[in-house]
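Structure record follows, encoded as structure tokens.
The values are calculated or read from the model by the stated rules, or taken from the named source; none is laboratory data. This structure is a prediction, so every number in the text was calculated from the model and none was measured. Methodologically, a virtual Cβ is constructed for each residue, glycine included, from the backbone with ideal geometry; neighbour enumeration extends over all protein chains shown.
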């Protein structure tokens, strides 16, 4: 069970039917309903697409599929303080699938780690928001690039917490295509061997990697059975359901003696019809015309997109150019 010391800042997600969850900014005492979390995820998807369109480069598909996973963590689970990113007792989140950093950047900006206006600088020279997450950006725990390394890094972080007698937990988000990497399974074996029960791995099981579907590249199934065979507790959930996500994170917190793997079934490009399940949008930015369609499908009017772009620091001329065709 979670200790009293941890409980002071950790989400109290008690039962699946409970209508509200607690966010964990160090000074926050508000609560969010599941509907509020869905609305936050919708706004984050909007800003992900705006920042990638501005950069004309990036990875929208996996950023959209991971959005609900990240919103559930940062608003309902993680013990963290955006005003003190280096707080020694913070829970650690590690984005192993680092190309999907637009999702993480946008959540961090909405959570208050840095100004939302920074999102308009994504992938620009001199910006701290580069095409892969890197240490130095507030809230980023690991510099990413090569796939397959995040779980090993997470084990080291978790074992350091054990040695230092720190109460934090460690969460690592992996891509399903990333699970082709042998280092993932070496790490999985080590985590079980050392009984790293403060470690939770989440697999974004969206079924698409790079330019094709995962089963065309390497057959992963039975994926859950593989993790179990390596000594992990395995939970299979709908990765777009906030009740399911929060329940799974809570179960992971209560697990002792072994690490937990959450296989989150998601949709690549979630929320945008022409991106959903489409390998072409693994690493392709939408055009301005496609952005307008995406905003409509996410339920945003032109006026709402204009307000969001203003908050993100875009000049009035560009706002008018982009939102003019929107309803």
The one condition residue 133 fails out of (1) under 17 Å from the mean Cα position of the chain (by Cα); (2) surrounded by fewer than 23 Cβ atoms within 10 Å (Cβ to Cβ); (3) part of a loop (DSSP other than H, G, I, E, B) is (2)
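Of the residues 311, 297, 316, which is surrounded by fewer than 19 Cβ atoms within 10 Å (Cβ to Cβ), within 21 Å of residue 74 (Cβ to Cβ) and modelled with pLDDT of 95 or more? Walk me through it before giving the result.
Details: 297 fails: within 21 Å of residue 74 (Cβ to Cβ); 316 fails: within 21 Å of residue 74 (Cβ to Cβ).
Selected residue: 311, the only one of 311, 297, 316 that is surrounded by fewer than 19 Cβ atoms within 10 Å (Cβ to Cβ), within 21 Å of residue 74 (Cβ to Cβ) and modelled with pLDDT of 95 or more.
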Looking across segment 120-130 at residues that are more than 16 Å from the chain's Cα centre (by Cα) and assigned to a loop (DSSP other than H, G, I, E, B), the single one that is surrounded by the most Cβ atoms within 10 Å (Cβ to Cβ) is 122
Checked segment 199-235 for anything in contact (Cβ under 8 Å) with a residue 12 or more places away in the chain, over 17 Å from the mean Cα position of the chain (by Cα) and outside any helix (DSSP H, G or I); matches are 210, 211, 212, 213, 218, 220, 230, 231, 232, 233, 234, 235
Kindly indicate whether any position in segment 102-109 is under 27 Å from residue 261 (Cα atoms), without any contact (Cβ under 8 Å) to a residue 40 or more places away in the chain and either surrounded by fewer than 24 Cβ atoms within 10 Å (Cβ to Cβ) or over 17 Å from the mean Cα position of the chain (by Cα) (or both).
no
Of (1) out of contact with any helix residue (DSSP H, G or I) (no Cβ under 7 Å at 6 or more places or on another chain); (2) in contact (Cβ under 8 Å) with a residue 40 or more places away in the chain, residue 173 fails just (1)
Of the listed residues (212, 228, 205, 233), the one being surrounded by fewer than 19 Cβ atoms within 10 Å (Cβ to Cβ) and touching a strand residue (DSSP E or B) at 6+ places or on another chain (Cβ under 7 Å) is 228
Of (1) surrounded by fewer than 24 Cβ atoms within 10 Å (Cβ to Cβ); (2) farther than 20 Å from residue 147 by Cβ, residue 275 fails just (1)
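Tell me which residues, restricted to segment 73-98, are within 19 Å of residue 251 (Cα to Cα), assigned to a loop (DSSP other than H, G, I, E, B) and touching a helix residue (DSSP H, G or I) at 6+ places or on another chain (Cβ under 6 Å).
Narrowing segment 73-98 to residues within 19 Å of residue 251 (Cα to Cα): 73-79, 91-93.
After this cut, where a residue has to be assigned to a loop (DSSP other than H, G, I, E, B) as well, the list is 77-79, 91.
Selection gives 77 alone.
Test residue 117 against the stated conditions and say whether it is in contact (Cβ under 8 Å) with a residue 24 or more places away in the chain, in contact with a helix residue (DSSP H, G or I) (Cβ under 8 Å, 6 or more places away or on another chain), under 26 Å from residue 45 (Cβ atoms) and surrounded by fewer than 16 Cβ atoms within 10 Å (Cβ to Cβ). Before you say what the answer is, go through the steps one by one.
Numbers: in contact (Cβ under 8 Å) with a residue 24 or more places away in the chain: yes; in contact with a helix residue (DSSP H, G or I) (Cβ under 8 Å, 6 or more places away or on another chain): yes; under 26 Å from residue 45 (Cβ atoms): yes; surrounded by fewer than 16 Cβ atoms within 10 Å (Cβ to Cβ): yes.
Judged against the criteria, residue 117 is a match.
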Determine whether residue 196 is out of contact with any helix residue (DSSP H, G or I) (no Cβ under 6 Å at 6 or more places or on another chain), within 20 Å of residue 156 (Cβ to Cβ) and outside any helix (DSSP H, G or I).
no
